[in-house]
Structures are given as structure tokens and as C-alpha cells.
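Trainee: Have a look at this one.
The numbers here are math on the coordinates, done by the rules we state, and not lab data. Keep in mind that this is a model prediction, so the values were computed, not measured. Here Cβ is always computed from backbone atoms with ideal geometry, including for glycine, and neighbour counts include all displayed protein chains.
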Amino acid sequence: MRIDVVTVFPDYLAALDLSLIGKARQAGLLDLRVHDLREWTTDRHRTVDDTPFGGGAGMVMRPDVWGQALDDVLGADGRLVIPTPSGEVFTQRHAEALAAESHLVIACGRYEGIDARVAEHYRAAGREVSELSIGDYVLNGGEVAALVLVEAVGRLLPGVVGNPDSLVEESHGAAGLLEYPVYTKPPVWDGLEIPDVLASGHHARIDRWRRDRALERTAQRRPDMIAALDAAALDKHDRAL
Ligand SMILES: COC(=O)c1cc2cc(CO)sc2[nH]1
């Protein structure tokens with residue numbers, strides 16, 4: 001997969017040289033390219049924004065500069081992703097859908113956002129344009145959202161995560177539940193012991209205990225996820241909880 005990120009703060013994306021995503025890039029599993037939007041400006045001051053029509057505070061990013069940049073970067077197969085506080089809230093389902101694409105282009109806005117005609121232009125040209133928010137809080141720009149999107153999508157690519165089984169049991173994974181609590185050595189720490197069942201070696205009981213904890217935790221912290229569960233996914237023991 002190829003992912004292009006266009007931003008006025010390319011250094012913000014330096015974190016993507018590290019850890020799993022960095023290794024995926026070195027292994028050729030992910031072709032990640034970061035571009036400075038100002039490369040497509042033509043004036044001496046390398047201007048990317050202007051005052052908003054209709055008045056109001058702040059500045060809006062210019063459609064002409066973004067159009068030049070995205071025409072160059074999208075190519076034939078690019079799917080445009082625009083982080084924005086007014087977007088759909090990004091979920092693991094979005095990550096799975098985006099991970100199936102061959103080429104993503106993430107346009108990071110700053111200021112009050114990107115001129116709305118940019119998304120309109122590429123939709124009119126028949127491209128898929130995803131406007132996504134990473135949550136209900138305020139950021140100063142799209143770069144932090146881009147880091148989240150690249151990590152959430154990149155880790156789903158074949159070969160990026162060592163053990164693909166670990167993708168199944170995680171929170172928001174295939175089971176549609178939050179993850180159960182995890183423990184490691186020492187067996188007693190700070191006078192606190194681990195749950196006995198985990199040292200029993202009885203795998204059926206361990207699996208049952210883990211599912212019970214995942215259901216309990218999800219019911220307590222995210223009742224909306226319980227409501228969204230496919231009823232068929234719950235066995236009679238689950239229902240008894
Ligand atoms: C949870 O917030 C976001 O996902 C988010 C994305 C963007 C893009 C901005 C500049 O236009 S502000 C902002 N917030």
C-alpha cells in the first residue's frame with residue numbers, strides 16, 4: 001500500500017519512521033510519502049491560506065494550492081482522506097476499509113479547514129473522498145489525526161504485526177468487545193495477585209474467563225458497543241452474565 005500525507009508541517013509525521021510503521025516502510029510493506037503543501041505554492045510568501053468568505057475568525061486553506069498538490073499526488077488510484085472535526089468519527093471499521101485500498105492520500109488541514117470545494121471537486125471527479133474525525137475533541141490541525149489513521153491502517157497490512165492472531169482479540173476487533181485485562185510476571189506485585197484461573201493451565205476456563213471480563217468491561221464502559229453486538233454472537237453463557 002502507498003500512503004501520501006500532504007501537510008504544512010511535514011516534520012509532524014516524523015514519528016512514522018519509528019517502531020512498527022517504520023519497520024513496515026523499511027520492509028517495503030508500506031510506501032509512505034510525506035509532502036510539504038508549500039511545494040505547490042507559487043508566490044514569494046508561499047501562501048496556503050486566505051480570509052474566509054462570509055467573514056468570521058481564522059483563515060481558510062486555499063483550493064488552488066490544494067488542487068495542484070492533490071492532482072499531483074492522487075494519481076490514478078488515490079483515495080482522498082481528509083481529517084476534519086466535522087467528519088464521520090473514525091472507527092476500526094473505517095481502518096479495515098481503508099486498509100483494503102491500494103493508495104491513500106491524507107490531506108492535513110490547518111486553520112479553519114480546507115476550502116469545501118476541494119472535497120467537492122474530487123467527488124465530482126468520481127473519487128471516493130472520506131472526511132474523518134478521530135474523536136469529539138478539538139485539535140489544531142489534521143496532522144495528529146493523520147498519525148492515528150496511518151497507524152490504525154498500517155498495522156492491519158499483511159506482515160506488519162508479527163502475530164496476526166493478536167489483531168483478533170484486541171479492543172474493537174473482530175469480537176466487537178473491549179479487550180479483557182492482561183497480566184504478566186511477577187505473579188504477586190505490590191501484594192496484588194493475578195486471577196487464579198490464568199495460572200490454571202485450563203485453557204477452556206481461561207478463554208471463558210477472558211470473554212466474561214471482556215463482556216463485563218464492555219457493558220460497564222461502552223454499553224453502546226454491547227447494543228451494537230450481533231445477538232447471534234452471544235452464546236447462552238454470555239446472555240446469563
Ligand atoms: C478530532 O479532531 C480531528 O480529527 C481534527 C482534524 C482536523 C483538521 C483541522 C484543520 O482543518 S482541525 C482538526 N481536528
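Trainee: Residue separation times 0.36 nm, minus the C-alpha to C-alpha distance between residue 225 and residue 17: what's the value?
Mentor: Details: separation 208, 0.36 × 208 = 74.88 nm, distance 3.35 nm.
My answer for the length gained is 71.5 nm.
Trainee: Over all directions, the average projected area of the alpha-carbon convex hull for region 171-240 comes to how many nm²? Present the calculation step by step, with values, prior to reporting the outcome.
Mentor: Numbers: hull surface 22.5 nm².
If you wrap the Cα atoms of region 171-240 in a convex hull and average its projections, you get 5.6 nm².
Trainee: In a Gaussian network model over the chain where Cα atoms closer than 10 Å are linked, find which of 22, 58, 109 has the largest mean-square fluctuation.
Mentor: Its mean-square fluctuation being the largest, the pick is 58.
Trainee: Given N residues in the chain, what is Rg(Cα) / (2.2 N^0.38 Å)? Before the final figure, lay out the partial values.
Mentor: Working: Rg = 22.1 Å, N = 241, 2.2 N^0.38 = 17.7 Å.
Taking N as the residue count of the chain, the ratio is 1.25.
Trainee: At what distance in nm do the modelled label points of residue 207 and residue 161 sit from each other, each positioned 7 Å from its Cα along Cα→Cβ?
Mentor: Output for this residue pair reads 1.9 nm.
Trainee: Please list the non-local residues whose amide H lies under 5 Å from the amide H of residue 103, H modeled 1.01 Å from N, same-chain partners needing a gap of 5 or more.
Mentor: Hits under the 5 Å cutoff: 2, 79.
Trainee: If you don't mind, there's one more thing I want to ask. Of the beta bridges DSSP finds with both residues in the chain, what % are antiparallel, to the nearest 5? All intermediate terms of the calculation are to be shown ahead of the outcome.
Mentor: Values: 4 of 25 bridges.
Bridges in the chain are about 15 percent antiparallel.
Trainee: Stretched out fully, how many nm does the piece from residue 168 to residue 138 gain, at 0.36 nm a residue minus the Cα gap? Walk me through the numbers before you get to the answer.
Mentor: Working: separation 30, 0.36 × 30 = 10.80 nm, distance 3.08 nm.
Difference between extended and current length: 7.7 nm.
Trainee: So what's the gap between the Cα centers of region 168-241 and region 73-106, to the nearest angstrom?
Mentor: Computed from Cα coordinates, the inter-centre distance equals 31 Å.
Trainee: I'd like to compare 134-145, 225-236: which one has the highest average count of other Cβ atoms within 10 Å, and what's the full order after that? Mind showing how you got there, number by number?
Mentor: On the way: 134-145: 15.3, 225-236: 10.2.
Those peptides, ordered most packed to least, come out 134-145, 225-236.
Trainee: Beta carbons within 10 angstrom, averaged per residue: use that to sort the peptides 197-204, 213-220, highest first. Don't skip to the answer; put the middle values down first.
Mentor: Numbers: 197-204: 11.1, 213-220: 16.9.
Put in order of decreasing packing, that is 213-220, 197-204.
Trainee: Determine, for each peptide in 182-192, 118-128, the mean count of other beta carbons within 10 angstrom over its residues, then list the peptides with the highest first.
Mentor: 118-128, 182-192
Trainee: Treat each spin label as a single point 7 Å out from the Cα along the C-beta direction, and report the residue 236 to residue 188 distance in nm.
Mentor: 4.1 nm
Trainee: Relative contact order, percent, of region 118-241 when contacts are C-alpha pairs under 8 Å separated by at least 6 residues?
Mentor: Values: 61 pairs, mean separation 19.5, N = 124.
Contact order relative to length: 16 percent.
Trainee: Sequence-distant or interchain residues sharing an amide H contact under 5 Å with residue 32, placed H: which?
Mentor: 3
Trainee: Run the numbers on the chain and let me know its relative contact order in percent, using alpha-carbon pairs under 8 Å that are six or more apart.
Mentor: Taking the mean separation of contacting Cα pairs over the length of the chain, I get 19 percent.
Trainee: Please state the relative contact order of region 171-240 as a whole percent: Cα pairs under 8 Å, 6+ residues apart?
Mentor: Averaging sequence separation for qualifying contacts and normalising by length gives 34 percent for region 171-240.
Trainee: Oh, and also: Once the piece of chain linking residue 97 and residue 196 is laid out straight, how much longer is it, given 0.36 nm per residue of separation minus the C-alpha distance between them?
Mentor: On the way: separation 99, 0.36 × 99 = 35.64 nm, distance 3.96 nm.
Residue separation times 0.36 nm, minus the Cα-Cα distance, leaves 31.7 nm.
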